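Working notes for the structure below.
The values are calculated or read from the model by the stated rules, or taken from the named source; none is laboratory data. This structure is a prediction, so every number in the text was calculated from the model and none was measured. Backbone-built Cβ (ideal geometry, glycine too); neighbour counts: all protein chains shown. Surface areas here come from the heavy atoms of the whole protein model, side chains and all, with no ligands, DNA or RNA. Shrake-Rupley method; radii C 1.70, N 1.55, O 1.52, S 1.80 Å.
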Amino acid sequence: MTVALVTGAYGFAGTALCTVLSEAGWKVVPVGRTPVDLSEPAAVVALLDEVRPDVVFHLAASSPQREPDPALLVPGVVEPTLGLCLALRRLGLRPRVVLAGSSAQYGAVPAEQNPVTEDAQGHPVNAYGYAKAAAEAVATALALDGAYELVPVRAFNHIGPGEPVTTVAGALATRVAAVLAGTADRVRAADLGAVRDFTDVRDIARGYLALAEHGRPGRVYNLCSGRATSVGDVLDGLLAAAGLDGSIVDIVGGGTGGIPYQVGSPARIRAETGWAPRIPLATSLADLVSWRSV
């Protein structure tokens with residue numbers, strides 16, 4: 001039986017990944033923010049020595065919503081990765097490490113250069129994008145001598161049940177659910193023209209599994225749908241799933257976070273692992289509204 005250690009296991013993507021791995025017959029060891037501090041190599045060595053994983057899925061990191069201060073955000077992204085990689089080197093298990101990066105590493109790639117491929121030059125627009133790029137660089141540098149097999153992944157926007165209120169779709173779904181519950185009369189929305197690449201979180205989890213099984217060490221992979229979807233389209237889908245319409249929406253001012261258009265290319269992961277998203281966006285949105293309405 002394949003043994004997987006999953007950091008960030010109780011987050012949005014981590015929860016979905018643990019489910020997918022368990023259904024695939026893997027033994028899953030979930031790790032949250034406690035009791036193991038990933039920035040402490042000795043503690044991580046003890047954990048790894050106990051678990052002795054075949055694969056480590058490293059999803060744990062601070063998010064810009066949880067830690068907006070760069071002085072806290074950057075260490076919260078880079079230090080857990082450094083601690084994990086140093087511990088792997090000390091123990092000598094040589095597992096495969098699937099490292100969860102982000103499309104924020106690409107940042108503001110000109111619209112005409114979309115869909116963004118793995119070879120695109122990064123132009124991060126915030127501390128999170130730079131921190132994720134730094135974490136990937138650290139993990140890559142420490143894997144060069146074969147201490148572990150690194151598969152860096154740059155995941156684009158996740159969507160679906162379990163999505164936190166801190167994401168754009170999660171926030172909109174929460175407001176739609178409030179109208180359904182009778183605790184609000186209107187839905188406030190901004191940035192409706194911004195275009196992103198949304199993939200159901202359950203498909204994202206399957207992608208991590210596919211890369212653990214078939215990805216090439218040292219090779220970067222996008223994890224995305226390749227589908228351009230505006231925030232306005234997401235809101236329309238949420239409203240439709242709830243049996244509502246745009247008459248209850250109030251449009252307010254707002255920016256696009258410095259990235260008006262970002263869509264990824266899934267060509268590499270599709271060609272090399274056979275993975276492709278299965279869940280239609282309408283299903284993701286309907287499941288999200290249902291989950292938020294419980």
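Worth pointing out:
- Using only side-chain charges placed at the Cβ, +1 for Lys and Arg and -1 for Asp and Glu, the dipole size of segment 137-294 relative to its Cα centre rounds to 200 debye.
- Here's the picture: charge each Lys and Arg Cβ at +1 and each Asp and Glu Cβ at -1 in segment 166-292, and of Pro217, Ser290, Gln262 the one pushed furthest to the positive end of that dipole is Pro217.
- The Cβ shell under 10 Å around Glu272 holds other residues with a net charge of +4, Lys and Arg each +1, Asp and Glu each -1.
- Potential lengthening between Ala111 and Ala71 on full extension [0.36 nm per residue; Cα-Cα distance subtracted]: 11.3 nm
- Against the chain, whose longest principal axis is taken from its Cα atoms, helix 70-91 shows a tilt of about 30°.
- Among the protein heavy atoms, those of Leu93 account for about 40 Å² of accessible surface (1.4 Å probe, every chain in place).
- Within segment 142-216, the percentage of alpha carbon pairs spaced more than 19 angstrom apart rounds to 54%.
- Computed over the chain: relative contact order in percent, which uses C-alpha pairs under 8 Å that are six or more apart: 20 percent
- When the P(r) is computed for the chain, the part past 37 Å accounts for 13% of the Cα-Cα pairs.
- Extent along principal axes [Cα atoms of segment 116-184; Å; largest to smallest]: 59, 25, 21
- Environment charge of Arg216, counting only residues whose C-beta is closer than 13 Å and scoring Lys/Arg +1, Asp/Glu -1: -1
- Taking other residues whose beta carbon is less than 14 angstrom from the beta carbon of Gly162, and scoring Lys, Arg as +1 and Asp, Glu as -1, yields -2.
- Leading residue at positive end of dipole, segment 1-132 (Cβ point charges), from Pro41, Gly129, Val78: Pro41
- Segment Ser293..Ala184, full-extension length gain: 37.9 nm, with 0.36 nm per residue of separation and the alpha-carbon distance subtracted.
- When a 1.4 Å probe is rolled over the protein heavy atoms, the share of accessible surface on segment 183-294 that falls to carbon and sulfur comes to 51 percent.
- Residues of segment 253-281 with amide N under 14 Å of the 7 Å Cα→Cβ point at Val125: 254-263
- Sorted from longest to shortest, the spans of the Cα atoms of segment 193-294 along the three principal axes equal 49, 33, 18 Å.
- Heavy-atom SASA rank of Glu118, Glu23, Glu67 (probe 1.4 Å, accessible area, largest first): Glu23, Glu67, Glu118
- The charge dipole of the chain, taken about its Cα centre with unit charges on the Cβ of Lys, Arg, Asp and Glu (plus for the first two, minus for the last two), comes to roughly 360 debye.
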